[in-house]
Amino acid sequence: MLKLKNIFENIPENLEDENFEKIIRSENVVIERIVSKGHTSPENGWYDQEQNEWVLLLKGQAKILFSTDETLELKEGDYVLIPAHKKHKVIWTDPATESIWLAVHYSTN
């Protein structure tokens, strides 16, 4: 039986930490919902991922910094494709409301 879910439901009330929920996982693809509320990436280092990451900000606002000093300011509906090994970190998410991301990690090989 098919199971209908909603990406905006079951948001944890207490968001002391960023919330990561795997929606789909296969050998070459991972799709996850990420919920942030004032959270940032750990200060000590960069995300340097083995897979490409396509990320869509469904709700909220955020800023992503790349190791090249380029900064992207995302608002609701914005998306970006981050190639594998493109070093980046989230430096700001709106502390007043949840930022809800849909992230698709995938390999091209």
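The table that follows gives values for the structure above.
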item: Sites matching GluC sites (Glu not before Pro) across region 35-92 that sit in DSSP coil, with at most 16 neighbouring C-beta atoms within 10 Å; result: Glu43, Glu50, Glu70, Glu76
item: Cross-link reach list, lysines versus Lys3, counting only Cα pairs under 24 Å and skipping chain neighbours closer than eight places; result: Lys22, Lys59
item: Neighbour net charge for Ile31 - beta-carbon separation under 14 angstrom, K R +1, D E -1; result: 0
item: Loop trypsin sites (Lys or Arg not before Pro), region 17-109 (other Cβ atoms within 10 Å of the site Cβ: 14 or fewer; DSSP); result: Lys87
item: Options Phe66, His39, Ile23, ranked by Cα towards positive dipole end of the chain, top entry (Cβ charges); result: Ile23
item: Proxy reagent accessibility, fewest Cβ within 10 Å first, across Val104, Val35, Val55; result: Val104, Val55, Val35
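Read the figures in this text as sums done on the coordinates, not as results from a lab. Computed from a prediction, not measured in an experiment: that's the story for all the values here. As a convention, Cβ positions derive from the backbone with ideal geometry for all residues, glycine included, and neighbour counts pool all protein chains shown.
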